[in-house]
Each structure stands twice: as structure tokens, then as C-alpha cells.
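Below is one structure, written out as C-alpha cells, with a few remarks after it.
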Amino acid sequence: MAAMAEFNYVNSLTEMPERDDAERSLHHAMFLEPQEKKRSMKALVVKQAKKTCSCTPAKVKDYVFSFFPVFQWLPKYKLREYLLGDIMSGVIVAVLLVPQSIAYSLLAGQEPIYGLYTSFFAGIIYFIFGTSRHISVGIFGVLCLMVGQVVDREIQRAGYDLEPADPDVLRGTAAYLNTTIVPVNQTLPVNQTSQKSLCDKSCYAISVGATMTFIAGVYQVAMGFFQVGFVSVYLSDSLLSGFVTGASFTILTSQAKYLLGLDIPRSSGIGSLISTWVNIFRNIHKTNICDLITSLLCFLVLIPTKELNEHFKSRLKAPIPVELVVIVVATLASHFGKLRETYGSSVAGRIPTGFLPPRPPDWNLIPNVALDAIPIAIIGFAITVSLSEMFAKKHGYSVKANQEMYAIGFCNIIPSFFYCFTTSAALAKTLVKESTGCRTQMSGMVTSLVILLVLLVIAPLFYSLQKCVLAVITIVNLRGALQKFRDLPKMWHLSRVDTVIWLVTMAASAFISTEIGLLVGVCFSMLCVIFRTQRPEAPLLGWVAESETYESLSAYKNLQTKPGVVVFRFEAPLYYINKECFKSTLYKQTGVNPAWVKAAKKKAAKRMLKEKEVDSGGNQTSISMDFVSEPLGFHTIVIDCCAVQFLDTAGIRTLKEVCKDYGEIDVQVLLAQCNPSVRSSLIRGEFFKEGEDHLLFHSVHQAVDFALGAQGHHGTNASKN
């Protein structure tokens, strides 16, 4: 069949009307003979198996070096050239990361110490496994929100109240140090204190967070092992941007109660944003004036300073660490002003120094959180890989996307044994890291060492820090995501479909839930892709004078058409979804539906036969035929297939039907510019059969010349006869 198809293809180029020798030689030169398969599939499988299973010292060395990139770049580290920039960027990122780690801990439903643990371990592990020199791996607000929602749900299931007790009586850290965690059984009464004496709400919360982090890391490593990173292609830039913006509204809403000092339960599930605001307005009369004034003062300091940092970032060697300044000043004011004792302000509470002994995740919680960890894993690796590739391209080096998936997976698996929650790359801190002179992954190690200093010495000093200050820091860091609304007019001008995807994903993530919003965004973007291929552009083409180029008649002026030839382009794959659209658009653009023409001819034939019968009977005079079939105006349709990426069985059948239907009304159909995949599909689908004149051409210009030559040749022969 393949040989016969290639024979037909050669015929389309050589069996043409008489032409000069130069043009004939050109068409002979265009013939392409397919490569023969030199090896069978079995031989290829055996060869690949031998290559995979072989073990040599060189191969082991390459594997170890690729799995631990630190062994590749660290021996080549240039101290004089790189060290100063790495130290400066690492220290600055740490200064920014410490207050954010403490603030985002509240977002994840954890105590501040666990946020510091998370940032510390993430930097060290990425230093070993990561391939990007510039990204900053640590706490990311959206992932903290997703973790916090699951933590709240599991705490409710376990029978704990959502709101924390007084910080002086929280014994989460002591419970870890002195006892073994025994989660409250979901079937036990809420007031059963024997279980709570073994593990209070704080230690149970980090148990949930660490277990989910472990599962998310396992998913990410598995995706790297099976090389299924293609999942991230379904998360377009517009979808991710809309998701982050929608989640930012949820983050802002979850922090609003801290701004006002309100003691209300944290809402979760579908519609949590609306229910939270309803609870806030119901309890607005209970606002803590001290917390409200502190929040306003922090906003007045942070927002202008952030804007100045953004405006003068090209002139500043490093951004002003205003967050750290605000935290230090606010902590001192709260401590010496006794704001908690005098005004009842909610404070961070005890933050212990040092590290806790490692412990495995709670295996009993895995069935509860396994499904929730899937979107967290996908979002984490998608953001990390995209940022890695973006900065690698900017600075002229390469990253291994698969290794990045391993790196971010281990940044979750290993720290989960040390009371940490989910991490990923973060754009804001990565931009700071890049702009302050970062050269290699050593910068991340410097950041971890600075955080280690905080953990060992400085952390207890934040005892009196008000939670409203942490909430303000969290909200101010949402500026970038919320400012995306300013880009909507430009986005609408560039792509209306991407803008609609952004709006739908943003609205679903904000008003339904973050997980459902992500799912809605993915499904809606896939529907948009299907819709684009279902109703694609399908213009008629015209000839650019003195060239061999054909372009859309509706898009360009001064194009010419060849007499008797219609050129049609279908700008999408031809498959089962759009096959009817292909036929209807072709009929509409050409103005000829073969079925209607054939029906009209049959109707005319019946009338003529009836008139002849009446005339031969002698009873009536001959009635002239009032139906006259009009000439079609063209004899050839050239279908430009350059934009048809693939065909399925329905598409092949559609092409067969079109060629057959038009052939029955004396219109030939020629295909031009089919890519190898489409030609292969036509061959396998038996598009070329003996006795059928299906012709393929390398270019539209060749097909049009052939059609004109064939028609002229046919007319000459007819006149001779």
C-alpha cells in the first residue's frame, strides 16, 4: 500500500500536461523517497534494554553526578568571582524570608517555628539537588493556603476547636519533645481530654501538614521518575496567573480577621471566602482597636516602601528590608507597651530555639490527605520548573526539568520528617535573589545559614509580635498577584481566550475553592482548545502577484485568483470533532454543495423526462424547461493542508467523501502541503486507491499550475475531437 501511495504521489508530479524540460526536472527533483526501517521494533527494544541494564563505572559516575548536581558545579566554584554576590543575595533573601516564614505559618495553620524550619531545610536540600542557580525555594503563599485548608478540615474531624487557645498554654512544641503524637480519634467526643493531653491542636496540625507534605513530595519524585512532567503543559501562564490571583483573595480574606483582632472560626470548603466575610461583618463590633491601629500603621509603612523598592530597583543594590524593620519595631512596641496584657492583642507566642528530633509522618493520616496532595504537588513543581527555565534562559545556562522535579520533591519529602510543610520556588524572592548578585546555588545555602542563626538565637525574641503585623506582611506580599487586574486590557488585546481563562480560573479559585478552581481552570482551558479546533479559521486564498505565495483573501488586499481554481485552507487538525465544520465551511466558501448540485441535476433530469413523455403522447405541447443548472464557475479545489497537523480516521473518511462528492459533479480536489504525518495517515487510511485520481503536491502553487494545465490540456483535446 505504501509503495502504491508513493507511486500515486510521483504521478501527481510527473504525469502532468506537457511542460518544458526545466519544470519537469523540478518536479522530478521534488520526489521524496521514505527511509526504510533498518531495525525491527524487537531489536530496538533489546538494544535499549541492554543500554539501560548495563553498569559501568563511567555510567555510575554520570548517574551520580546527574542526580546530585552539586558534585558538578561545586568543584568548579570560583570563590573570587562568585562568593561575594552569593553571600550578599543569600543574606538579603534571608532577611526577607524570616518575617514571611513566620507570617505564612499562620496561613498554613501552624506555629511560627515550623515556617522557619521549612525555609531552613528547603534551602539546604535544593543546594544539593537543584540545577537552577537563581530560584529561591521556600514558603509560597498559595501552597500555604492549600495546606492550611486541609489542616483546618482535619482538625475539625479530629474534634479540636479551630481557634487557638492562649499562647501561654499552647503546648505543641512540648508535646513533640516529651510525648508521642496520638491523634484524636475522629469518633471520640470533643471533650475527651485524655487524648488531648497526649497531643494538642498545635502538634496535631503540624502532623497533618507534614504528612501531606510527604505525600506531595512522593508524587513529585514519582512524576520525575516516570517523566510525566507533561502534566504541567495543561497549566498555561494565564491559568496559573488567574489561579494565583484567585487564591490571593482567599489569602487576604483569611488574614482579615487578624487585622481587626477578631476571634472567629476559620471557614473552609466551598464558598469559604463569602462565609468568612459574612462572619467578619457579623462580629465587626468586636474589633480590637489596638490591632486595627497597628495594622493601619504597618500598611502606611510597608506599602509606600514596597512601591519605592519597585520604582528604584534598578538603582538600589538591594531592596530596603522594611518587613524586618517593621517586625523588630512592632515587637519592641508590643513588648514594652504590654499590648497583649493591656489591650488583649493576639501575639505570636513562644517560639523555641533549636531543633526537634525527627519523626516520620503520621501514616494513619495518609488516606485523608492523599487526594489533597495532588494539586499541591502539581502546582509546586509547575511553578518551580517554569521559574527555573525562565531564569536559565535569561542568564544563558540550562536546567534539567526532570531533575528539578526530583529536587522539589526531596525538598518536601526530607523536611516532612522535621515538622515542615510544603515548599516551592517563589517569584518575588527569586527576583530579589537575582537582582542582588546571585551567581550559584551557594546563595541558598547562605540563606539557610542565616535562618539557622535565627532558629538558634533570635527566634524567642518574637514572642510579643502581634499577629496582625504578620497578617499585614502577608497581605502586602499579595500586591503582585492583585495588580494583575491592571494587565487585563492588554491581555484582552493580545488574546481574548486567555483573558477569559484567567477570569474563569480566578473567579472559581476565589469564590468556590482553590482546588476546585484549579480543576475548573484546567477543564475550561482544555474546552477552549477544543473550541478553537472545532471552529477554526478556514479562508479562501489568493495569489500574490509575481510570486508562488498564497494568502487569505479576507486578510490581505490586491490578491489575485486563478480562473476556475478555488484554493481553500483549513487551519486546524482534521478529526472527529470538526469534520462537519470542515465540510460545511468548504461548501460555504466555495458556494457549492455537491449534494445540492446532484439533487438539482436529478430534479432537472426528471422534469426533462416528464416533458418528453408528455410530448411523445401528443396530448400536450412541449413545455420548456424552466430549470437550468448554472455553471459552477470552477473546475478544481485545492485544499492547502499546511495547517492540518494530523488526521484521524474520521478526518481521512471526510477527505475521501469530499473528493468523491466533488468528483461526481466534475470538480477535482487536490491536496497541497501535507506534512509527513498527514501523508502517512492518508497512506494508512487507504486514501490512495487504484482507479482513483487523488493527487498530492508539495506546494499550492504547483497544484494550481497543474489544475490550470490539466484544464487547458483537456480543452485542447476536446476541441480536436
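The values are calculated or read from the model by the stated rules, or taken from the named source; none is laboratory data. These numbers were taken from a predicted model, which means no experiment stands behind them. Cβ sites come from the backbone with ideal geometry, for glycine too, and all protein chains shown count toward neighbours. Accessible surface is based on the protein model in full, side chains and every heavy atom, while ligands, DNA and RNA are left aside. Shrake-Rupley method; radii C 1.70, N 1.55, O 1.52, S 1.80 Å.
In table form, for the structure just shown:
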item: Given (1) at pLDDT 85 or above; (2) surrounded by 15 or more Cβ atoms within 10 Å (Cβ to Cβ), number of the condition residue 687 does not satisfy; result: (1)
item: Yes/no for residue 303 being part of a helix (DSSP H, G or I), touching a residue at least 24 places away in the same chain (Cβ under 8 Å) and open to solvent by 60 Å² or more (accessible area, probe 1.4 Å); result: yes
item: One residue from 525, 464 being closer than 30 Å to residue 153 by Cα and out of contact with any strand residue (DSSP E or B) (no Cβ under 9 Å at 6 or more places or on another chain); result: 525
item: Candidates 529, 565, filtered to the one that is open to solvent by less than 50 Å² (accessible area, probe 1.4 Å), under 30 Å from residue 637 (Cβ atoms), of a type in the set (A, V, I, L, M, F, W, C) and out of contact with any Lys or Arg (no Cβ under 9 Å at 6 or more places or on another chain); result: 565
item: Where a residue in the range 543-557 is free of Cβ contacts under 8 Å to residues at least 60 places away in the same chain and assigned to a strand (DSSP E or B) and its partner, wherever it lies, is among the aliphatic types (A, V, I, L, M) and open to solvent by less than 70 Å² (accessible area, probe 1.4 Å), with Cβ under 8 Å and at least six apart; result: 551/541; 551/544; 551/559; 552/540; 552/541
item: Meets criteria (in contact with a Phe, Trp or Tyr (Cβ under 9 Å, 6 or more places away or on another chain), at pLDDT 85 or above and more than 19 Å from residue 512 (Cα to Cα)) for residue 214; result: yes
item: Filter result for residue 94 (touching a helix residue (DSSP H, G or I) at 6+ places or on another chain (Cβ under 8 Å) and over 22 Å from residue 224 (Cα atoms)); result: yes
item: Residues of the range 411-439 classified as over 29 Å from residue 479 (Cα atoms), hydroxyl-bearing (Ser, Thr, Tyr) and part of a loop (DSSP other than H, G, I, E, B), total; result: 1
item: Condition check for residue 666: within 25 Å of residue 542 (Cβ to Cβ), part of a helix (DSSP H, G or I), modelled with pLDDT of 80 or more and not aliphatic (A, V, I, L, M); result: no
item: Residues located in the range 95-124, provided they are open to solvent by less than 10 Å² (accessible area, probe 1.4 Å), hydrophobic (A, V, I, L, M, F, W, C), more than 17 Å from residue 353 (Cβ to Cβ) and part of a helix (DSSP H, G or I); result: 97, 103, 107, 122
item: Residue match in the range 48-56 (condition: at pLDDT 80 or above and open to solvent by 80 Å² or more (accessible area, probe 1.4 Å)); result: no
item: The one condition in (1) surrounded by fewer than 24 Cβ atoms within 10 Å (Cβ to Cβ); (2) assigned to a helix (DSSP H, G or I) that residue 408 fails to fulfil; result: (1)
item: Residue in the range 370-382 that is crowded, with 21+ Cβ neighbours inside 10 Å, more than 22 Å from residue 211 (Cα to Cα) and among the hydrophobic types (A, V, I, L, M, F, W, C) present; result: no
item: Residue match in the range 502-509 (condition: more than 30 Å from residue 101 (Cβ to Cβ) and in contact with a Phe, Trp or Tyr (Cβ under 6 Å, 6 or more places away or on another chain)); result: yes
item: Exclusive hit being among the hydroxyl-bearing types (Ser, Thr, Tyr) and within 20 Å of the chain's Cα centre (by Cα), set 272, 236; result: 236
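This table checks each residue for (1) closer than 22 Å to residue 154 by Cα; (2) part of a loop (DSSP other than H, G, I, E, B); (3) acidic (Asp, Glu).
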| residue | (1), (2), (3) |
| --- | --- |
| 355 | no, yes, no |
| 361 | yes, yes, no |
| 366 | yes, no, no |
| 381 | no, no, no |
| 384 | no, no, no |
| 387 | no, no, no |
| 391 | no, no, no |
| 397 | no, yes, no |
